[in-house]
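To keep things clear, I will list the structure first and then write my remarks on it.
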Amino acid sequence: MNTPAIRNPIRRATVNAVLAVAISGLFAGPFAGTVAAADPFIESISRSATTFTASVPAIAHPAGREQSTKRKWKKAWIASWIAFAAVNALDAHSSQGRREGNPFLSGSDGRFSNRKAILLKSALGGGFFAWQAWTAKKNPEVNLYKTFTLTNTAVTGGLSAIAARNYSLPSLQATPAASMPLPDYLRRVE
């Protein structure tokens, strides 16, 4: 593909600088010296990138960039907790009236228990949230919000897959109490 020559010197310098920064980023690493030495074009672009980034440090590395990034990840972390709470409610709704395989969330009849689910899910979620908030406050020099956001998003995705599966299962019809035999420990002794 032939590209037309850029005649405007300012535009040509800008394009060269952008290309230099992009290509120097691609070849930074263990092979940087060997690739640049093998190809004079890449070597000249690497020199241009070094000159360009050294001449414009305020644009390349703004001082408040780290704090801005941390603020953005903190907002994303809060949004991930809102999504996590919503998906937990959706998972609980999708399990209503169905048999529950988790004994911590099932009632005495083997079906999903709303009371146990709300208690357990809110206790675990609240504890996990408190731990994340405490850890982030304890280590302000490290941006843990990104890690926590990605973790919460992965867990939220897994829970949403479980909720989708639950909705695809047929719900159990309520059986009359007379047709279901009681266990021995619930029968009246006369």
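Which whole-number percent gives the relative contact order of the range 65-168, counting Cα pairs below 8 Å spaced six or more residues apart?
Details: 87 pairs, mean separation 42.8, N = 104.
The normalised contact order for the range 65-168 reaches 41 percent.
Out of residues 5 or more away from ARG111 or on other chains, whose amide H comes under 5 Å of its own, with H placed 1.01 Å from N in the peptide plane?
GLU100
Among the listed pairs LYS70/LYS116; LYS75/LYS116; LYS72/LYS138, which are separated by more than 26 Å between their Cα atoms? Walk me through the intermediate numbers first.
Numbers: LYS70/LYS116 37 Å; LYS75/LYS116 31 Å; LYS72/LYS138 19 Å.
LYS70/LYS116; LYS75/LYS116, as the Cα separations exceed 26 Å there.
How large is ³J(HN,Hα), in whole Hz, for each residue of the range 138-144 in order, when computed from phi with the Karplus curve 6.51 cos²θ - 1.76 cosθ + 1.60 and θ = phi - 60°, using x for Gly and Pro?
The phi angles translate into 5, 10, x, 6, 10, 7, 7 Hz.
Step through the residues of the range 122-130 one at a time and calculate ³J(HN,Hα) from phi using the Karplus curve (6.51 cos²θ - 1.76 cosθ + 1.60, θ = phi - 60°), rounding each to whole Hz and writing x for Gly and Pro.
Computed from phi, the couplings for the range 122-130 are 6, 5, 5, x, x, x, 5, 5, 4 Hz.
Laboratory data are not the source of any read-out in this text; all were calculated from the coordinates shown. Remember, predicted model here, so these are calculated numbers, not experimental data.
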